[in-house]
Protein chains: 2
Amino acid sequence: MIAPDVATLLVCVLTDARVAAPALRRFVQAAVRTSFNAITVDGDTSTNDTVLALANGLASNVPLTPDSPDGRRFGAVLAAVMAALADMVVADGEGATRRARITVFGAHGNEDARRVARAVAESQLVKTALHGADPNWGRIVCAAGYAGVRFDPERVSVWIGGVPVLRRGEPAGPTIVRRAASAMRNSAVAIDVDLGARGRQGRATITTSDLSPAYVRFNSAYST
Amino acid sequence: MIAPDVATLLVCVLTDARVAAPALRRFVQAAVRTSFNAITVDGDTSTNDTVLALANGLASNVPLTPDSPDGRRFGAVLAAVMAALADMVVADGEGATRRARITVFGAHGNEDARRVARAVAESQLVKTALHGADPNWGRIVCAAGYAGVRFDPERVSVWIGGVPVLRRGEPAGPTIVRRAASAMRNSAVAIDVDLGARGRQGRATITTSDLSPAYVRFNSAYST
């Protein structure tokens with residue numbers, strides 16, 4: 001969960017745009033997919049997180065639809081607002097000291113990429129390495145390996161903070177690893193994993209936080 | 001993983017029983033299912049854990065088969081030896097201060113029960129509650145809820161250390177909860193979950209350890 005002190009996640013997005021309920025629902029579903037459904041703090045889904053979008057229509061525009069140019073602009077802005085809010089949720093995770101944005105590509109499909117990204121994002125070993133700023137590509141590839149998705153380990157590449165620590169199964173030398181370790185000390189780190197499936201475009205991004213002793217203390221010290 | 005200082009898990013079980021390789025393989029597969037494949041420390045499967053069984057045949061018995069009375073006795077002893085070894089592995093998990101033996105029953109099938117037991121065993125919130133000796137049945141039922149298995153929450157019962165903290169969806173009062181909290185302070189705790197599916201016999205057990213600040217320190221402080 002995220003911040004049990006406030007019980008649960010309640011998100012309200014308000015707009016004065018004119019948009020009918022069915023169209024707004026489609027906009028919200030698309031935006032949630034790449035924001036609130038693309039973050040994880042500990043994998044423990046809350047039983048009552050809620051995202052609400054309310055449109056009062058005061059702008060008196062032509063009603064927005066997902067396929068119109070104005071609708072696409074509205075959808076992009078809604079997705080950007082929700083992504084920013086979702087990022088704040090991860091930054092506020094119990095005991096979090098840094099975030100990682102895990103992007104998996106070169107997968108056979110988006111669902112394969114999503115499964116690998118989630119396995120990496122929820123691996124306790126990856127999350128503790130993130131806490132220790134350790135560019136441990138072995139733990140990343142290990143989590144990818146048990147995600148239940150087919151790939152060839154000898155075609156996998158991993159970048160940490162943009163630094164290539166594994167190139168098609170070949171580990172980088174100590175100088176490059178030191179650069180990656182330095183990049184990991186930032187409050188937000190990009191971890192990119194290319195599964196190397198030839199000509200395949202499957203792609204997904206999930207944002208997670210590190211696992212710190214403070215997370216454990218926080219969640220073991222209170223009773224609910 | 002379990003104890004990276006010794007690199008990985010290598011298990012060798014030796015017997016002087018006479019048993020042909022194909023039969024021994026079946027004995028081992030059955031024993032591994034309820035021992036080494038029924039434990040988890042952090043859900044991060046190792047890439048090179050190994051269990052070997054060697055039989056030199058010196059006992060000169062009639063070759064053992066899984067279906068004979070002697071074979072069943074051999075299988076039961078092998079399973080007991082492996083279960084004891086697997087329990088030691090969990091007790092030796094990084095930073096572990098106690099173990100929980102999670103048994104799920106009243107499921108539609110064994111595979112459903114196994115998925116629920118694994119979700120509960122790998123939930124960071126359950127594992128931190130275990131560390132804090134907090135009889136938090138809400139976190140247990142929440143993990144069961146996202147295991148991807150159908151059940152009726154109003155028919156679920158949970159026992160912690162044999163104490164009924166939830167009976168068919170009804171939480172116990174504070175006196176009983178205090179008894180459960182006291183039971184959780186032991187080094188080994190039984191957590192039993194009845195999913196309440198009428199007349200169904202699906203059942204699984206998984207043993208896990210608590211998640212402590214020491215786990216995080218250990219896994220964030222060394223580089224591999």
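When A:Thr103 is tested against the conditions (1) within 14 Å of chain B (Cβ to nearest Cβ); (2) hydroxyl-bearing (Ser, Thr, Tyr); (3) surrounded by fewer than 20 Cβ atoms within 10 Å (Cβ to Cβ), the lone failure is (1).
Within region B:165-176, is even one residue among the basic types (Lys, Arg), more than 11 Å from chain A (Cβ to nearest Cβ) and touching a Phe, Trp or Tyr at 6+ places or on another chain (Cβ under 7 Å)? Scanning region B:165-176 turns up no residue that is among the basic types (Lys, Arg), more than 11 Å from chain A (Cβ to nearest Cβ) and touching a Phe, Trp or Tyr at 6+ places or on another chain (Cβ under 7 Å). Does region B:31-47 contain any residue that is without any contact (Cβ under 8 Å) to a residue 24 or more places away in the chain, among the charged types (D, E, K, R), surrounded by fewer than 18 Cβ atoms within 10 Å (Cβ to Cβ) and assigned to a helix (DSSP H, G or I)? Yes, the conditions are met somewhere in region B:31-47.
Would you call B:Val163 in contact with a helix residue (DSSP H, G or I) (Cβ under 8 Å, 6 or more places away or on another chain), surrounded by fewer than 16 Cβ atoms within 10 Å (Cβ to Cβ) and of a type in the set (Val, Ile, Thr)? Judged against the criteria, B:Val163 is not a match. Of the helices (runs of 4 or more DSSP H) lying entirely inside region A:49-149, those containing at least 3 residues that are out of contact with any helix residue (DSSP H, G or I) (no Cβ under 9 Å at 6 or more places or on another chain) and touching a residue at least 60 places away in the same chain (Cβ under 8 Å) span A:69-91, A:110-122. Within region A:192-207, none of the residues are within 14 Å of chain B (Cβ to nearest Cβ) and either closer than 30 Å to B:Val141 by Cα or crowded, with 16+ Cβ neighbours inside 10 Å (or both).
Would you pick out the residues in region A:141-160 that are open to solvent by 40 Å² or more (accessible area, probe 1.4 Å) and closer than 14 Å to A:Ile191 by Cβ? So that I can check it myself, show each step before the final result.
Of the residues in region A:141-160, the ones open to solvent by 40 Å² or more (accessible area, probe 1.4 Å) are A:145-146, A:148, A:150-155, A:159.
Of everything in region A:141-160, just one residue is open to solvent by 40 Å² or more (accessible area, probe 1.4 Å) and closer than 14 Å to A:Ile191 by Cβ, namely A:Trp159.
May I ask you to verify whether A:Thr205 is more than 26 Å from B:Ala214 (Cβ to Cβ), assigned to a strand (DSSP E or B) and among the polar types (S, T, N, Q)? Taking the combined requirement at face value, the residue satisfies it.
Would you confirm, using the coordinates I've provided, whether B:Ala59 is modelled with pLDDT under 95, among the aliphatic types (A, V, I, L, M) and open to solvent by less than 60 Å² (accessible area, probe 1.4 Å)? Explain how you work it out, then say what you get.
Numbers: modelled with pLDDT under 95: no; among the aliphatic types (A, V, I, L, M): yes; open to solvent by less than 60 Å² (accessible area, probe 1.4 Å): yes.
Criteria not met by B:Ala59.
Could you check how many residues of region A:190-209 are free of Cβ contacts under 8 Å to residues at least 40 places away in the same chain and within 17 Å of A:Val158 (Cβ to Cβ)? So the count comes out to 0. Could you list, in sequence order, all residues of region B:89-107 that are polar (S, T, N, Q) and farther than 16 Å from B:Glu122 by Cβ? Across region B:89-107, the qualifying residue is only B:Thr97.
The values are calculated or read from the model by the stated rules, or taken from the named source; none is laboratory data. All values reported here derive from a predicted model rather than from experimental measurement. Every residue, glycine as well, gets a Cβ built from its backbone with ideal geometry; the counts of neighbours run over all protein chains shown. Surface accessibility is based on the protein's heavy atoms, side chains included, excluding ligands, DNA and RNA. Shrake-Rupley method; radii C 1.70, N 1.55, O 1.52, S 1.80 Å.
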